[in-house]
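The values are calculated or read from the model by the stated rules, or taken from the named source; none is laboratory data. Because the structure is predicted, anything quoted here is derived from the model rather than measured. The protein model used for the area step is the full one, side chains on, heavy atoms only, and it has no ligands, DNA or RNA in it. Shrake-Rupley method; radii C 1.70, N 1.55, O 1.52, S 1.80 Å.
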Amino acid sequence: MGFDQQDQAQFLKGLELAGQKQHEEALNVWSGIKLKGKTSFELEANIGKIYFELKNYPAAVKSFETAVFLNRFDSTAREDLKLAQAKIEKNFGSSFSHRSELGATLNSWIRFEEAFILGLLALALFLFLRLLKRAFKIQTRTLFFSGLLSAFFFLISLVGHWGTQISRTTFDSALRTTPLESTDPQQVLPEGTRLRVIRESGNFYEVERAGAFRGWIEKNKIQPVYR
């Protein structure tokens with residue numbers, strides 16, 4: 001494992017405590033090894049098992065992922081990782097399923113609000129052009145083409161704003177602070193949540209919703225929305 005005698009003794013002491021179901025004590029002992037910047041497949045695999053027993057599934061996933069990284073050929077660690085990930089997905093589904101309906105309702109209100117704002121902008125543009133005509137005695141034809149040109153650029157900006165940048169979640173999805181699966185979720189976005197894609201990194205998109213959140217989400221959990 002690459003440990004010195006003191007580290008080896010700490011590891012074995014942690015195993016003994018874990019065998020006695022003294023999980024927190026075992027984690028404390030093993031944390032002394034990790035604070036030195038040392039780790040091993042056996043250490044991460046056992047830490048993951050304890051976190052799994054404590055039902056701290058995100059922490060278990062993080063440890064199992066490290067264990068798999070250190071030994072990609074160990075099938076047991078891979079199975080443990082899948083079990084922990086399945087527990088997270090199950091908990092997300094049961095704990096946040098009621099939020100899906102809330103998210104869908106919220107998105108409906110957002111669409112209504114956007115349509116209402118567009119209507120107000122169109123009315124404001126119409127009144128502004130009428131005011132220009134009266135104030136400067138602009139000819140109707142010139143006013144018409146100016147309004148048409150303004151409307152054209154306005155629509156172009158809307159296409160850029162409402163195009164493929166806008167997406168929605170297709171499942172209850174974990175929002176993370178970094179584009180890594182090992183990062184603990186900071187919150188769960190209900191299915192149907194609309195958000196804006198900023199950039200991509202690996203298998204993740206950085207997304208945001210103004211005034212609400214910003215973070216990273218897996219690419220396969222969202223799809224573009226064309227309005």
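Here the 3J(HN,Hα) profile of region 83-88, calculated from phi with Karplus coefficients 6.51, -1.76 and 1.60 at θ = phi - 60°, is 5, 5, 5, 5, 5, 4 Hz, Gly and Pro shown as x.
Solvent-accessible area of Phe11, all protein chains in place: 10 Å² (probe radius 1.4 Å, heavy atoms, ligands and nucleic acids excluded). Legend: residue pairs Lys82/Lys221; Lys55/Lys82; Lys13/Lys38; Lys55/Lys221; Lys21/Lys82; Lys49/Lys90, Cα-Cα distance threshold 20 Å; pairs beyond threshold, Lys55/Lys221; Lys21/Lys82.
Residue by residue, region 60-69 carries 3J(HN,Hα) couplings of 4, 4, 4, 5, 5, 5, 5, 4, 5, 4 Hz when phi is fed to the Karplus relation 6.51 cos²θ - 1.76 cosθ + 1.60 (θ = phi - 60°); x denotes Gly or Pro.
Note on exposure: Asp184, Asp7 ranked by accessible area (1.4 Å probe, complete protein assembly) read Asp184, Asp7, with the most exposed listed first.
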